[in-house]
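Every number in this text was worked out from the coordinates using simple rules, so none of it is lab data. No experiment lies behind these values; they were computed from the predicted model shown. When we count neighbours, we look across all protein chains shown, and the Cβ atoms used for this are built from the backbone with ideal geometry, even at glycine.
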Amino acid sequence: MKTQVAIIGAGPSGLLLGQLLHKAGIDAIILERQSPDYVLGRIRAGVLEQVATDLLDEAGVGQRMHAEGLVHTGFDMLFNGERHRIDLERLTGGRKVMVYGQTEVTRDLMEARKAAGLPTVYEAANVQVHDFDTTRPRVSYEKDGRSHTIECDFIAGCDGFHGVCRASVPRGAIQEFEKVYPFGWLGLLSDTPPVHHELIYVNSERGFALCSQRSHTRSRYYLQVPLTDKVEQWSDEAFWTELRLRLDPAAADKLVTGPSLEKSIAPLRSFVTEPLRFGRLFLAGDAGHIVPPTGAKGLNLAATDVKYLSNALIEFYQERSEAGIDSYSQRCLKRIWRAERFSWWFTSIMHRFPDEGAIHARLQQAELDYLMHSEAGLKTIAENYVGLPLDFGD
């Protein structure tokens with residue numbers, strides 16, 4: 001088989017890239033090691049920045065998002081038992097965020113690709129990338145007991161943190177930066193109305209919590225837990241009881257509980273790969289970076305990676321220019337590190353760090369108190385949360 005771009009990974013990054021290339025008349029094949037049902041079963045974030053919603057519109061898949069997504073103009077931060085609203089719209093000159101689950105984004109992209117009759121190979125085994133340091137890269141895989149090879153011009157590594165693409169780069173050609181946090185997030189999804197019409201980020205003596213949502217009738221809640229905890233230790237009743245203890249009285253009284261649809265524990269890490277281009281191989285999304293979920297940056301960063309990469313590939317084919325692919329890594333990393341900084345900072349002021357002692361909690365409270373009484377502090381939170389413009393700092 002031959003194609004122009006071989007995309008490894010059928011998560012939102014790979015599917016979005018495939019859709020943008022298709023709109024520009026560029027051929028691509030997507031390979032995914034899991035089944036479609038498995039891909040759709042991943043429960044992930046649900047806060048989209050304006051840049052991400054604009055990109056989904058550009059890809060022609062934004063109709064359901066606008067019909068069913070929830071536009072949020074602010075969120076609450078709860079500490080010392082009191083809630084403080086961050087007015088995103090006022091502080092950023094009218095910018096907002098959209099609450100729309102990553103699962104739904106993936107579904108919309110999958111359906112668009114299927115409707116267009118574009119090739120996606122699911123349950124592709126033993127995927128390998130070859131000769132990406134030449135002008136004739138290849139991708140091999142196995143399907144139904146048969147071996148296949150795809151010849152292509154470029155390979156897009158959208159296959160996540162544990163994917164084959166980053167792992168195939170020679171160790172001497174890559175540098176990795178990582179911080180692993182000493183706790184995880186226990187998440188619970190339930191068909192219950194949200195406790196509040198906007199998100200609530202909680203810093204309590206018992207640890208961090210987040211009250212989020214997917215719709216007016218489906219909620220997503222998180223608790224900070226030790227890395228040693230197992231999901232099996234947490235019954236639904238235990239989860240709801242602990243969440244109530246971390247909320248203010250008004251929210252605790254309003255909380256509607258119900259059986260969990262999904263429950264899992266996710267570790268938190270900050271991770272960045274440099275560079276993101278290796279010859280004709282490009283890394284995008286979780287293949288190149290991971291952020292703590294506190295700042296809601298993971299999917300949004302993946303979307304901007306794809307924006308830069310699709311523009312670069314379109315420029316290559318339509319203008320025969322390599323300027324975009326040559327600058328891809330540098331442009332992405334500038335934005336990635338800014339988002340990593342915000343996610344690290346927001347995580348550090350909202351969570352309890354078990355080894356930092358009582359002084360850390362006091363310093364957190366002092367910083368939070370300052371931020372809530374400083375217009376500059378509030379604006380810093382707001383403009384980072386809604387997402388910096390694509391041309392910020394250029």
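Extension gain for A361 to D326 (0.36 nm times residue separation, less C-alpha to C-alpha distance): 8.1 nm.
Close amide H pairs (under 5 Å, H built 1.01 Å from N) link A124 with E32, R33, Q34, residues at least 5 positions away or on another chain. Roughly what % of Cα-Cα distances in the chain sit above 32 Å, to the whole percent? The calculated P(r) of the chain puts 35 percent of pairs beyond 32 Å. All other residues whose Cβ lies under 13 angstrom from that of M372 are scored, Lys and Arg at +1 and Asp and Glu at -1, for a net of -3.
Within the chain, DSSP assigns beta bridges of which about 75% are antiparallel (rounded to the nearest 5).
Exceeding 23 Å between C-alpha atoms, which entries from my cross-link table qualify? They are K96/K379; K179/K263; K263/K379; K254/K379. Going by Cα-Cα distance, K179/K263; K263/K379; K254/K379 fall outside the 23 Å limit.
Using a simple spin-label model with pseudo-atoms 7 Å out from Cα toward Cβ, S235 and Q318 lie 5.9 nm apart.
Give a quick list of trypsin sites (Lys or Arg not before Pro) in segment 216-276 that DSSP marks as loop, anything other than H, G, I, E or B, with at most 10 other Cβ atoms within 10 Å.
Here the trypsin sites (Lys or Arg not before Pro) that fit, given the DSSP loop and packing criteria, are K230.
The Cα trace of segment 1-87 gives Rg and Dmax of 17.7, 61 Å, the first to one decimal, the second as a whole number. Volume of the convex hull of segment 324-394 (Cα atoms only), normalised per residue: 100 Å³.
For the pair S264 and A125, the difference between a 0.36 nm per residue extended length and the Cα-Cα distance amounts to 47.4 nm. Here segment 278-327 is described by how far its Cα atoms reach on the three principal axes: 40, 18, 12 Å, from widest to narrowest. Annotation note: GluC sites (Glu not before Pro) in segment 183-272 located in DSSP loop regions with a Cβ neighbour count of at most 14 within 10 Å are E205. Net length available on complete extension from F353 to E274 is 25.6 nm, with 0.36 nm assigned per residue and the Cα-Cα distance removed.
Dividing the summed -39500 (n - 2.57) terms of all DSSP H runs of n ≥ 4 by the residue count of the chain sets its mean residue ellipticity at 222 nm at -11500 deg cm²/dmol. Remark on segment 125-203: Rg and Dmax equal 20.4, 54 Å (Cα only).
Where is the GNM fluctuation largest for the chain (alpha-carbon springs, 10 angstrom cutoff): L283, L88, L368? Between L283, L88, L368, it is L368 that shows the largest mean-square fluctuation.
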